[in-house]
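See structure below.
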Amino acid sequence: MEVPLEQTGAWLAGTIDLGDLTVNRLGFGAMRLCGDSAWGRPKDRDHAHRVLHRAVELGVNFIDTADSYGPEANESLIAQALYPYPPDLVIATKGGLVRPDRRSWVQDGRPEHLRGAVEGSLQRLRLERIDLYQLHAPDPNVPFAESVGALADLQRIGKIRHIGISNITVAQLDLARSIAPIVSVQNAYNLRNHTSEDVLAACERLGIAFLPWYPLGGKRGLRALKVKQAATRHGLTHAALSIAWLLARSPVMLPIPGTRSIDHLEENVHAASLRLAPEDFDDLR
Ligand SMILES: NC(=O)c1ccc[n+]([C@@H]2O[C@H](COP(=O)([O-])OP(=O)(O)OC[C@H]3O[C@@H](n4cnc5c(N)ncnc54)[C@H](OP(=O)(O)O)[C@@H]3O)[C@@H](O)[C@H]2O)c1
């Protein structure tokens with residue numbers, strides 16, 4: 001039975017634990033609230049604030065951001081819109097990528113960079129401790145153990161509550177776990193991109209959250225014929241089907257779809273109420 005739009009909320013997706021924190025299993029990715037290419041401030045700041053407020057009203061209590069979105073502007077926007085934060089809101093940010101210009105994302109996993117990055121995020125987010133700090137991507141020029149070790153040190157001195165890692169392999173997950181407790185992994189994953197299937201399986205075995213980035217598969221994903229046809233068959237939009245599929249795919253899945261549109265946000269949260277049977281996804285394999 002479908003739940004009416006006015007009764008939907010992210011809580012209908014159930015909950016998931018991030019260490020000692022529990023959040024609804026449908027979050028919000030804030031990256032798209034920057035200017036295009038995740039660069040600069042939003043064109044309409046008040047509208048971006050309304051999107052964030054509406055997300056919280058709809059029960060979203062997990063928001064993903066990064067210091068490289070903007071850069072810096074995305075974290076500042078979240079604080080301007082939502083501070084003082086609702087008590088159950090978990091803001092997850094990331095560090096380890098820098099933006100020399102709008103087209104470039106450059107890894108910097110040096111411990112000294114990460115220490116400065118955490119201080120910057122704490123200030124912009126107006127927090128004393130970051131609930132979930134994720135290494136955005138391994139830096140090929142820095143031993144991965146050194147980057148994770150720096151986050152472990154920051155956790156020990158109370159700047160970070162929990163550590164997550166992003167864009168990693170199973171071997172890197174194992175290495176990170178030998179250095180510090182890891183509560184989440186964030187890799188690309190959607191109906192059309194299953195390249196992190198082995199990482200998802202590892203997260204399931206370990207009982208840690210898997211945050212699929214690019215959860216709707218972007219415009220190519222939305223256009224994909226199979227998804228379109230299946231969505232039509234179920235009377236759903238492509239976005240709703242993509243999110244319902246992710247939620248059904250694994251209990252450790254915590255999707256973080258992003259949008260600048262309140263209508264799209266409502267549609268995405270509505271997907272938390274959809275219950276599709278495994279056979280509904282047969283033709284999407
Ligand atoms: N760890 C990493 O390396 C990494 C990389 C990329 C992203 N991320 C994180 O993952 C989050 C999500 O990723 P993403 O934004 O790349 O991908 P996404 O959530 O799959 O897609 C967002 C795109 O889909 C559109 N959209 C959203 N809802 C829609 C709907 N109901 N109907 C039609 N179009 C819809 C949005 O446009 P409109 O604004 O027009 O709705 C936007 O262009 C980001 O916000 C960020 O936090 C992490």
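The values are calculated or read from the model by the stated rules, or taken from the named source; none is laboratory data. Since we're looking at a predicted model, the values are computed, not measured. Quick reminder, even Gly has a Cβ in these numbers, built from the backbone with ideal geometry, and neighbours come from all protein chains shown.
General remarks:
- Failed item, numbered, when SER261 is tested on (1) without any contact (Cβ under 8 Å) to a residue 12 or more places away in the chain; (2) on the phi < 0 side of the Ramachandran plot; (3) not aliphatic (A, V, I, L, M): (1)
- Checking each residue in segment 252-285 for being within 13 Å of the ligand (Cβ to nearest atom), surrounded by fewer than 16 Cβ atoms within 10 Å (Cβ to Cβ) and among the small types (Gly, Ala, Ser) picks out only SER261.
- Residues located in segment 237-251, provided they are more than 21 Å from GLN186 (Cβ to Cβ) and either near the ligand (Cβ under 10 Å from one of its atoms) or surrounded by fewer than 21 Cβ atoms within 10 Å (Cβ to Cβ) (or both): THR237, HIS238, ALA240
- The residue list ARG129, ARG115 contains one member that is closer than 23 Å to ASP20 by Cβ and charged (D, E, K, R), which is ARG129.
- Single residue of segment 207-235 satisfying the filter (in a loop (DSSP other than H, G, I, E, B), within 11 Å of the ligand (Cβ to nearest atom) and surrounded by fewer than 22 Cβ atoms within 10 Å (Cβ to Cβ)) that is modelled with the lowest pLDDT: GLY217
- Complete set of residues in segment 142-159 that are polar (S, T, N, Q) and in contact with a helix residue (DSSP H, G or I) (Cβ under 9 Å, 6 or more places away or on another chain): SER147
- Verdict on SER68 being more than 30 Å from GLN7 (Cα to Cα) and either surrounded by fewer than 21 Cβ atoms within 10 Å (Cβ to Cβ) or modelled with pLDDT under 95 (or both): no
- Residue count for segment 56-104, restricted to those that are within 11 Å of the ligand (Cβ to nearest atom), over 20 Å from VAL269 (Cα atoms) and of a type outside the set (A, V, I, L, M, F, W, C): 6.
- Filtered by the rule that a residue be in contact with a Leu (Cβ under 9 Å, 6 or more places away or on another chain) and acidic (Asp, Glu), segment 224-276 gives GLU266, GLU267.
- Looking across segment 236-255 at every residue that is farther than 30 Å from ASP20 by Cβ and assigned to a loop (DSSP other than H, G, I, E, B), the one that is modelled with the highest pLDDT is identified as THR237.
- When we screen VAL106, VAL60, VAL118 for residues that are surrounded by fewer than 18 Cβ atoms within 10 Å (Cβ to Cβ) and among the aliphatic types (A, V, I, L, M), the only hit is VAL106.
- Answer residue from segment 126-139, given it is assigned to a loop (DSSP other than H, G, I, E, B) and touching a Gly at 6+ places or on another chain (Cβ under 9 Å) and is surrounded by the fewest Cβ atoms within 10 Å (Cβ to Cβ) among those: GLU128
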